[in-house]
Each structure stands twice: as C-alpha cells, then as structure tokens.
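Note sheet for the following structure.
The values are calculated or read from the model by the stated rules, or taken from the named source; none is laboratory data. As the structure is a computational prediction, the values presented were derived from the model and not from experiment. All Cβ positions, glycine included, derive from the backbone under ideal geometry; neighbour counts span all protein chains shown. Ligands, DNA and RNA are excluded from the accessible area calculation, which covers all protein heavy atoms including side chains. Shrake-Rupley method; radii C 1.70, N 1.55, O 1.52, S 1.80 Å.
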Amino acid sequence: MMKKYFAVQHVCIFWYAFGHRNLERTAILCAITPEIGACDKLPNEFVFYWVTMLKMPLYRPQELAFLTQYAELKERSLQAGALLPGTPGTLYLRRGSGSGYWYRVYYSVPGKQSETLVCREDDTAGRDAMQDKIDFANWSAKQVSALRKLGFQVADKTVARVLVELHNLGAFEAGLVLVGTLAYMAWLNEFGAIAVSARTQDIDLARRQTLKLATPLKFLKTIQATGLPFAEVPGFPSTQASTSVKLPGVQGLRVDILAPGAPLGHIIQIPELSWAAQAIPHYDYLLADPVPATLLAGGHCIPLHLPEASRLVWHKLYAAANRRGFPEKAAKDRLQAATLAAVLAETEPENLTSAFDAAPEEVKRAAALQFGALEKLLARHEACHALLRECVAR
C-alpha cells in the first residue's frame, strides 16, 4: 500500500478540561490543513487526540525575594496605626475670607470623591503628618499592586473599605476575627503559597467572646460610615434579628457576623456591637487561638486577626461534610482545606496534628468522612496525604 504524507500548515489546539482543575485526562482538538502531497484527511478536518496529564500540585511557593517584599509591607503596616480610607489622595489648601485650611482630597469609595479637614494653614506639623500618611499610602498601594502581579491574593476595594474602617476603630484588636475565604486568602500570603482562590462576595467576621472595645461600636452605623450603601438583610423569619448587611445587587458584597453556638443559624445577641450573630457549631474550637496577620485588599495591607491555619483546615472539612444543598460550596471548602493542609504538612506538620488532637469528636468524624474526597486533591502531596490519613485513622 502506498504511503501517504502530508505537512501541517496550521494547528489550532483547544483544551477541554474534564473534572477537577488537576487534570487526569485532556482532549486536544487539532484543526489540520494539509499543504502538500496526497492525504486521506480533508482540509481543516478536526481530529481528537487523548493525552494523559500529570496532576498539578495545589500550590507552588513564592520566591524568597517576593516573600521579603511582602514581609516588609506587612511590618510597616502593622506599625502604621490607623490607615487612610480610600485612595491616598492629595493635600489641597483652601482659603476663604479668613484663615486657610488644608484638606485631604481623595476617593472614599470607587467613583465618590471626598475631602477631610486636616489642619489650619499655619499648622506645619499637622500638614507634614498627613503628608507622611499619604506618602505611606501611595507606597503601600504600589507594593500591593506589584504583589498582586506576583501571585499574592488581593481582595477588592469594597472589602478594603469595610476592613479599614473596622481596623481603624480597633475592632480586630478587641477580638474580632476574619474567617471564611478571605482568611484562606490571607493565609496563602502568610505562607508564601501561590494557589487559585475562589473569589468571594462575603466578609465573614466572628467573635468568640465579648469584644474588649474601649467604647461600644454600633455595627450597622460603622459599616454605613464607609459611604457604601449597605442595608440590613432581614432575618428569617422577619421577626428574627438581622446578622448580615449587604450592598445592592445579586453580586453585592455581604458582611456576616458569626459566633460559636448550636444549632447552626441560631441567633446570638452581640451587645457590644448592637447587633446579632449567626451561630456556627464548633467555632469556639476554630477561634481559640487567633493569630495577628494582614490581608491585602484594594491598595491596602490591613492588620487583623485570623483563626489558626491548622484549625481552619479541620473546621473547613467539618463545614464541607455538613453542607446541605450546596455541593459547590462543599467542594470549595475541601479545596481550601487540602491546599492549606498541603502547605502545613511541609512547614508546620506538628501544628496540623495537634490541631486535630484538640478538635471536637464531631469535627474529627467529619474529617474522616471527607478523606476519600481529599485523596485526588492530594495526589501530588504524598507527605500531606500520609499525615492526614494518620490523623483520621486514630
């Protein structure tokens, strides 16, 4: 039989991913255009080729130079005190019929220009102090922008506006803790881990015990002081107290207050916030030893407190096991738990083990039930797989 030859003039490759992002099998679709010689393929015929791809690891480490850059930004932010809300802005001198006054002109929220009185024209110390704050805010914004391009996790500007307001009022120092996906994003940065993070339109805030505030902080008034049009989310039924506020629209940012308790969703009054929280089982375990950290958001590096990373792993698996009607959220919880566990198994394996030992029995049982679903995720992380298997087998 006569052999037939052809040359490929153009090849367009399309990738079809099946299943999880850590692909096991991928279809490559090639569009082939013969150029010379006899050929039994029609011009522009599409041909499928199946190839087997290696599973990708859940994360990869940042380079040391970039970690140093993040560490410097974090250190300076922790020492900066109150942060300027919104954009850094500029100083503007306004003179009327009497004395002149310096104002800071900036965008408090996207699209809304604001100005704040700084000092009298002849108050050189006051003007210089504000200029130093503006210079730091400009430097910080440039650093955050550069870190975003390097794979660090950065939340959006509306998240930043809310968290800066709470930071400036001392809410995190008083005991408020950032939880949920934003906490996961912050921990990825703390560990210098590059990984895919699901975007979120939720800010989850939790308190384990009464916040040690110098003065009572009215939660709704504080959130509305951001200049963003937050409104209460009615309780269900409507006679119940609200535990959340939300911006308009389907994709509007939502802020939830959570606290340890049972059953899930039970309403707990938070007198020091003039607000209420939704009960989450075993949050007392999650919030037992919060850690000072920072979150990159907008152009800010915001000091706050996070739950211990190892406890977050086990509680995420408990949450995944108890999701009802939201399989996509359960999958997100498992992925976040697996990614953090993979990092901890390389850096702090003893913390992962001790956090499991301290977990309530219900959390341990839930983690054991989720282990089968974790095995594929941990295919490229043998040390983590072995460590988790050892824990849940106890």
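At a glance:
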item	result
Accessible area of region 337-394 belonging to carbon and sulfur atoms, whole % at 1.4 Å probe	48 percent
Inter-probe distance in nm under a simple model that places probes 7 Å from Cα toward Cβ, at ARG148 and GLU173	2.9 nm
Global size of the chain as Cα Rg and Dmax, reported in angstrom	25.9, 102
Surface/4 of the Cα convex hull for region 246-394, nm²	10.7 nm²
Which of VAL250, PRO349, LEU228, positive extreme of dipole for the chain (C-beta unit charges)	VAL250
Dipole in debye (nearest 20) - the chain, about Cα centre, beta carbon charges: Lys, Arg +1; Asp, Glu -1	920 debye
Set of aspartates and glutamates with alpha-carbon distance to LYS112 below 17 Å, sequence-local pairs under 8 removed	ASP156, GLU165
Average accessible surface area per residue within region 338-394, 1.4 Å rolling probe, Å²	48 Å²
Distance between region 336-391 and region 315-331 - C-alpha centres, whole angstrom	16 Å
Only Lys, Arg (+1) and Asp, Glu (-1) charged, at Cβ; region 154-204 dipole about Cα centre in debye	160 debye
Whole-angstrom gap from region 279-293 to region 159-224, using each part's C-alpha centre	13 Å
Rounded to 5, percent antiparallel among DSSP beta bridges of the chain	85 percent
Carbon and sulfur %, accessible surface of region 77-202 computed with the full protein complex present, 1.4 Å	51 percent
Cα-based helix-to-principal-axis angle, 180-191 vs the chain, degrees rounded to 10	80 degrees
